[in-house]
Amino acid sequence: MSAHHTRTAWQRVDAGKLLVIAIVGLLVAVAVTRVAAVGLQQPDVAVLFGVLIALGELFRMVMPGNREVAPVATAGAVGYALLVGVGPENAPPGALLGVHPAVHSPLQVVAVTAVGMLVGSLPHAAVGRMPRLDAMARRLLIAAVVALCFRPLLALDLNWQFLLAAMCLTVVISCFTDVVVAAWIRAETVRARFGIAVRDEIRAKMALCAATNATAMLIAVATTVLGPVALAVFTAPILVTQFAFRRYSGVRATYLQTVRALSRVTEVGGYVETGHSRRVSRLAVGMGRELGMCEEELLELEYAALMHDIGQLSLGDPIPGGATVLASPAEQRRIAELGAEVIKQTGVLDRVAHIVKLSSHPYRTAATSGEGAASPTSRRGKGEPAGADDGVERPAPPPLASRIIKVANAYDDLVGDSSDRDRGAAVLERLRLDSASEYDPAVVEALSRVVERRTRT
């Protein structure tokens with residue numbers, strides 16, 4: 001029985017994660033074996049950087065999108081990989097700029113980074129916060145890429161101008177590697193398109209990546225000139241950056257929790273079935289990924305899906321079962337508009353309010369009440385079917401997010417929390433039949449793929 005559960009657990013790990021973990025694990029094994037065989041070069045310097053990496057792992061954080069990062073640990077590891085020398089004290093005659101050269105190998109960088117990360121993760125593991133192996137593997141991979149690209153250049157006796165240029169090029173390569181690997185893993189994990197995942201990773205991580213690598217270069221250059229004291233001085237900027245990102249991440253998390261709590265008001269009041277808003281939001285986000293929405297758009301979609309029924313609080317008599325799909329078109333529009341007005345009162349969710357307001361509009365005949373008509377050249381929006389430009393002026397369809405919520409809400413109103421596949425298939429067929437005017441056919445097909453994938457799992 002336990003073996004069966006173990007196989008099931010491993011089967012849930014995506015191939016990308018397993019491959020990255022396996023490659024980095026093999027690299028660490030080779031590095032540790034090599035260092036154990038030849039000995040640790042400049043052990044005092046290795047210990048200092050190992051301690052910095054361990055402290056960085058101890059204070060790692062989770063950014064929006066459930067991205068685990070450890071900026072201080074990454075800066076320490078990359079700084080150690082870029083280290084040219086250590087201070088002017090006791091430098092041998094003729095040494096570069098009068099400093100003691102850093103002679104450690106790329107494999108020693110990998111070994112020191114791995115040990116530092118392991119030590120820094122022990123307190124987390126002791127309290128039940130197990131480290132995410134794929135995130136740790138990617139951080140190790142960054143250090144390995146920098147070390148393997150840069151450290152062999154030190155044997156060429158280049159001047160500082162070339163070394164600084166090589167540092168910049170190396171950290172750019174490491175950032176690119178991290179983005180591609182992270183996007184590959186994320187695309188598998190959340191079933192997103194790879195190109196969309198790359199764009200999301202760039203938006204989410206490039207600012208922090210730039211700050212981390214700039215700090216790593218400062219640490220490497222300053223330690224070469226000033227000695228180990230530079231570690232404490234030049235780690236401060238990345239600490240400030242980390243606290244700023246941690247605060248931003250906390251605000252985002254609190255915001256989402258608040259929206260989720262507000263979405264349950266209609267459930268507690270008996271206006272909709274328990275779990276309706278949560279189910280609609282999950283369906284909507286899955287459909288949004290199928291249709292190529294980026295992470296920022298998905299977050300707005302999730303907010304709107306969670307609060308799409310909040311306008312029902314204004315009803316004197318609740319709709320039976322909360323199924324707005326069974327209400328008249330005028331009543332559906334009234335609920336959506338009232339909900340949008342409530343959301344607007346927050347002062348920061350105007351786009352979400354607009355999505356909710358138009359989520360009751362039919363696909364083909366939207367905007368007949370002044371929401372705005374599109375020109376023949378601009379009508380076709382994201383997710384629009386080909387062939388829409390036939391020279392006939394039509395009102396613009398609602399935004400893609402609104403069309404997604406309309407379909408997801410209709411499906412859950414008619415299926416609820418039932419796991420009956422025949423019932424779900426019948427509802428999907430009904431939505432397809434109404435796709436001529438009421439629902440976007442592309443969105444309905446995206447729902448079909450999401451539902452099919454969930455029934456398989």
Residues that are touching a residue at least 24 places away in the same chain (Cβ under 8 Å) and of a type in the set (Lys, Arg), drawn from the range 217-270 | Arg246, Arg252, Arg260
Looking only at the range 15-30, decide whether some residue is buried (at least 20 other Cβ atoms within 10 Å of the Cβ), modelled with pLDDT of 90 or more and small (Gly, Ala, Ser).
-> no
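Being modelled with pLDDT under 75 and on the phi < 0 side of the Ramachandran plot is true for just one of Ala197, Ala236, Ala210. Which residue is that? I'd like the intermediate steps shown before the answer.
On the way: Ala197 fails: modelled with pLDDT under 75; Ala210 fails: modelled with pLDDT under 75.
Sole residue among the options that is modelled with pLDDT under 75 and on the phi < 0 side of the Ramachandran plot: Ala236.
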For the range 308-365, what are the residues that are touching a residue at least 40 places away in the same chain (Cβ under 8 Å) and part of a loop (DSSP other than H, G, I, E, B)?
-> His308, Asp309, Leu315, Pro318, Ile319, Ala323, Leu349, His361, Pro362, Tyr363, Arg364, Thr365
Hey, among Leu158, Leu153, Leu169, Leu164, which residue is in a loop (DSSP other than H, G, I, E, B), farther than 21 Å from Leu48 by Cα and over 22 Å from the mean Cα position of the chain (by Cα)?
-> Leu158
Only one residue in Glu300, Glu296, Glu331, Glu341 is at pLDDT below 90 and closer than 19 Å to Asp200 by Cβ, so which one is that?
-> Glu296
Does Glu452 satisfy the condition of being at pLDDT 80 or above and within 24 Å of Val190 (Cβ to Cβ)?
-> yes
Looking for whichever is assigned to a helix (DSSP H, G or I) and either open to solvent by less than 30 Å² (accessible area, probe 1.4 Å) or in contact with a helix residue (DSSP H, G or I) (Cβ under 6 Å, 6 or more places away or on another chain) (or both) here; the options are Thr266, Thr274, Thr258. Which one fits?
-> Thr266
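The values are calculated or read from the model by the stated rules, or taken from the named source; none is laboratory data. Quantities reported herein were computed from a predicted structural model and do not represent experimental measurements. So basically every Cβ, Gly included, is an ideal-geometry build from the backbone, and we count neighbours across all protein chains shown. Remember, those area values only see protein heavy atoms, side chains included, never the ligands or the DNA or RNA. Shrake-Rupley method; radii C 1.70, N 1.55, O 1.52, S 1.80 Å.
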